[in-house]
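Please treat every number below as a calculation from the coordinates, not as lab data. Model, not experiment: these values are computed from the prediction. For neighbour counting, all protein chains shown are included, and Cβ atoms are generated from backbone atoms with ideal geometry for every residue, glycine included.
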Amino acid sequence: MSPDDRNDGLFGGSGETRTRLPEGEGGGDDVYGGVRRSARGGGRASSRSLVTVVGVVVLLIAAIAFANRGGDDSSSGGDDGDKAASSPTAATGTKPVGGKTGGIASGFAKTKQGAESAAANFAVPLGSAEMFDKNKRNAILNTVMAPSSVAKFQTELDKAYTAPFFKNVGLNEDGSTPSGYQFISRTTPIGTKATAFSEGKATVEVWCSGLLGLAGEKSTKPVTNTWSTMTMELVWVHGDWRAVTHSEKAGPAPVPGDDRASNSDEIAKAVEGYGGFTYAR
């Protein structure tokens, strides 16, 4: 199943949640923990087991009802996603897009939700390894930027992606990846916030987590986790949202966990094996 196929259920489904409850009361192990006890020993053990099962089912129903509370109203496909304000991390009911341009999601709705979805999807290529290749970078800019801003950003980024910059991230001076290594730059949107919205204009912040570094046995620039916030000013042009400006700042970053760091081979295989998504608000 492709990522887009999975998104159909996440972002445009009916909003129903199905829960599989225990089937019957026959023999076998108790699905909520532990082997089924014998009836011998009185009715108190059976009563306790019944109370435990009923309690778990009640908690499940309550959790499902709470999770769905913020999504029922949005399943009708509201104009701008404001109905989901009570559940800020839940996707609204309107599908983000129906197609792609140059591998990047396109065809967003002319709504606040559409602007937020556009910014989230633009953040992915703007923070990708393809940005370190001039030809691929220009193709990305031509897709996500407004026509009036493309030339300006091409010039600015050509000045930024220099030999010293490439060397700083472990690449060769021309931006190519050293033999025997894999360069990784990958961005994942965590959430979006429209700080301004009017007819045909929007300013959206995208909080992102990212990976950056050189995977290889003797790499001196190992892949590390990054946190940043991208800010984009968007305009409605030629029937879709496009970015006019794009800036980035560090953070907010959470406290690092206690996870064991994977070796470079594991990281490289994960990046190759796990595809991305089409993001929606």
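With labels modelled as points extended 7 Å from the Cα through the Cβ direction, what inter-label distance (nm, one decimal) is found for ASN142 paired with ASP158?
Label at ASN142, label at ASP158, 1.4 nm between them.
Loop-only GluC sites (Glu not before Pro) in the stretch 209-267, please: DSSP not H, G, I, E or B, and at most 15 other Cβ atoms within 10 Å.
GLU217
Round to the nearest 0.05 the FRET efficiency obtained for VAL169 and ASP258 when R0 = 25 Å and r is the Cβ-Cβ distance.
0.40
Name the residues whose placed amide hydrogens come within less than 5 Å of the amide hydrogen of VAL244, ignoring near sequence neighbours (fewer than 5 apart) on the same chain.
The answer is ALA146, GLU233, LEU234, VAL235.
At 7 Å along the Cα-to-beta-carbon direction for both TYR274 and GLU199, put a label point, then send me their distance in nm to one decimal.
Going by the 7 Å Cα→Cβ label model, 4.4 nm.
Rounded to whole Hz and in sequence order, give me ³J(HN,Hα) for the stretch 155-166 from the Karplus expression 6.51 cos²θ - 1.76 cosθ + 1.60, θ = phi - 60°, writing x for Gly and Pro.
The phi angles translate into 5, 5, 6, 4, 6, 7, 7, 10, 4, x, 5, 4 Hz.
Could you rank the peptides 256-262, 188-194, 208-214 by their average count of other C-beta atoms within 10 Å per residue, with the highest value first?
Listed from highest to lowest mean packing, they are 208-214, 188-194, 256-262.
So for the stretch 126-190, averaging the separation of alpha carbon pairs under 8 Å that are six or more residues apart and normalising by length, what relative contact order in percent results?
36
For the stretch 156-211, divide the Cα radius of gyration by the Kirkwood radius and give the resulting Rg/Rh value with two decimals. Each step should come with its number before you reach the end.
Details: Rg = 16.7 Å, Rh = 14.2 Å.
My calculation puts Rg/Rh at 1.18.
Scan around ILE190 for amide H atoms under 5 Å from its own, H built in the peptide plane at 1.01 Å from N, and keep only partners 5 or more places away or cross-chain.
When sequence neighbours closer than 5 places are left aside, the close amide H contacts are TRP207, CYS208, SER209.
Go through LYS167/LYS269; LYS95/LYS201; LYS152/LYS201; LYS112/LYS136; LYS110/LYS136 and tell me which ones have a Cα-Cα distance over 26 Å in this structure.
Distance filter (> 26 Å) returns LYS112/LYS136; LYS110/LYS136.
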